[in-house]
Amino acid sequence: QVQLVESGGGLVQAGDSLRLSCAASGGTFGIYAMGWFRQAPGKEREFVAAINRSGGSTGYADSVKGRFTISRDNAKNTVTLQMNSLKPEDTAVYYCAASRLGYYGGTIRAYDYWGQGAQVTVSS
């Protein structure tokens, strides 16, 4: 079983950048595909980005494509979400998730382990 801890959230202005990190422990990190999801107040949790086990393939929600970049370092057991050109509508709690089956898409139930979340607030 893997434990996930997000860090790097905060309050920024529109147009700024922010980098989220997710540190994994307690398992063999390289066997998991990883994803980032977010949940805004009053809304359902939604897919943001995902990356396969090796880091060679990624996927993004249309709303963040071209602005966000997901990457991973299997030697350091970390996955990162670089967020550029942030908008107020990006405000949400961001969650890191791990899929044992290696799935790296947007289906929430395909992910087995979740972090506690990191708040990202973008002011206009």
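The values are calculated or read from the model by the stated rules, or taken from the named source; none is laboratory data. Predicted model only: the values in this text are computed from it and were never measured. Because the Cβ atoms are built from the backbone with ideal geometry, glycine has one as well, and the counts that use them run over all protein chains shown. Note: areas computed on protein heavy atoms with side chains; ligands, DNA, RNA excluded. Shrake-Rupley method; radii C 1.70, N 1.55, O 1.52, S 1.80 Å.
Which one of Asn52, Thr121, Ala23 has its Cα pushed farthest toward the positive end of the charge dipole of the chain, where Lys and Arg give +1 and Asp and Glu give -1 at the Cβ?
Asn52
With each label point set 7 Å from Cα along the Cα-Cβ vector, what nm distance links Arg45 and Thr107?
Inter-label distance under the simple model: 1.6 nm.
Pick from Leu20, Leu11, Leu81 the residue whose mean-square fluctuation is largest in a GNM of the chain, springs joining Cα atoms under 10 Å.
Leu11
Would you mind telling me which residue in Thr91, Thr107, Thr69 has the biggest mean-square fluctuation in a Gaussian network model of the chain, where springs connect alpha carbons within a distance under 10 angstrom?
The residue that fluctuates most here is Thr107.
Using a 10 angstrom cutoff on alpha carbons, build the Gaussian network for the chain and name the most mobile of Arg45, Arg109, Arg100.
With Cα springs under 10 Å in the chain, the top fluctuation among Arg45, Arg109, Arg100 is at Arg109.
Please give the charge dipole size of region 8-124, origin at the Cα centre, charges +1 on K and R Cβ atoms and -1 on D and E Cβ atoms. Round to the nearest 20 debye.
My answer is approximately 200 debye.
Computing the accessible area with a 1.4 Å probe over protein heavy atoms, can you report the carbon and sulfur percentage for region 27-67?
46 percent
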